[in-house]
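Chemist: Sharing a structure below in structure tokens format, with a few things to ask.
The values are calculated or read from the model by the stated rules, or taken from the named source; none is laboratory data. Just so it is clear, the structure is predicted and the values come from calculations on it, not from any experiment. These accessible areas exclude ligands, DNA and RNA; they are computed on the full protein's heavy atoms, side chains included. Shrake-Rupley method; radii C 1.70, N 1.55, O 1.52, S 1.80 Å.
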Amino acid sequence: MKKNSQLTKIGVYQNLGFLGIIVLCFLDDLLQLPGLIFSDHPFAFMYRRSTLDILLVLGVWFLVSRSTRRILDRVHYLEKFMRVCAWCRRIHFKGEWMPLEEFMRQSFDTPTTHGICKECLNRQQALIEKAKERKKAAAQ
């Protein structure tokens, strides 16, 4: 749940940033910020320029928001998957390998995929080495 709130914060910060850009574009022309900052020469307020700037920012905002939402949805989907050791069926959860029964007892309703824990990997590598040694011994 914590990661989901972090993903939501990304969207909120992105939207606030774009709203800030739009407000600055509008205030730039409305308050004549260049004239206030650099000189006393008045500038004419040009709604067309301001509107064009805002429409451009809105277009970029739409494209970026859509892309970001698709990426965040994909990340959220992939984070749901749990790794399951294909040999001993233990689950990798929060940095630890726990037995499948313990994981199910805690009633997590999460899709799974397969992996191999360190103990099973070492065991399988040892079995492979033993098989290679037996094969060499049988060949001699």
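Chemist: For Ile71, work out the one condition from (1) over 30 Å from Lys94 (Cα atoms); (2) among the β-branched types (Val, Ile, Thr); (3) open to solvent by 80 Å² or more (accessible area, probe 1.4 Å); (4) modelled with pLDDT of 75 or more it doesn't fulfil.
Modeler: Here Ile71 meets the rest and fails (1).
Chemist: On to the next question. For segment 6-50, what are the residues that are among the hydroxyl-bearing types (Ser, Thr, Tyr), open to solvent by 50 Å² or more (accessible area, probe 1.4 Å) and at pLDDT 60 or above?
Modeler: Thr8, Tyr13
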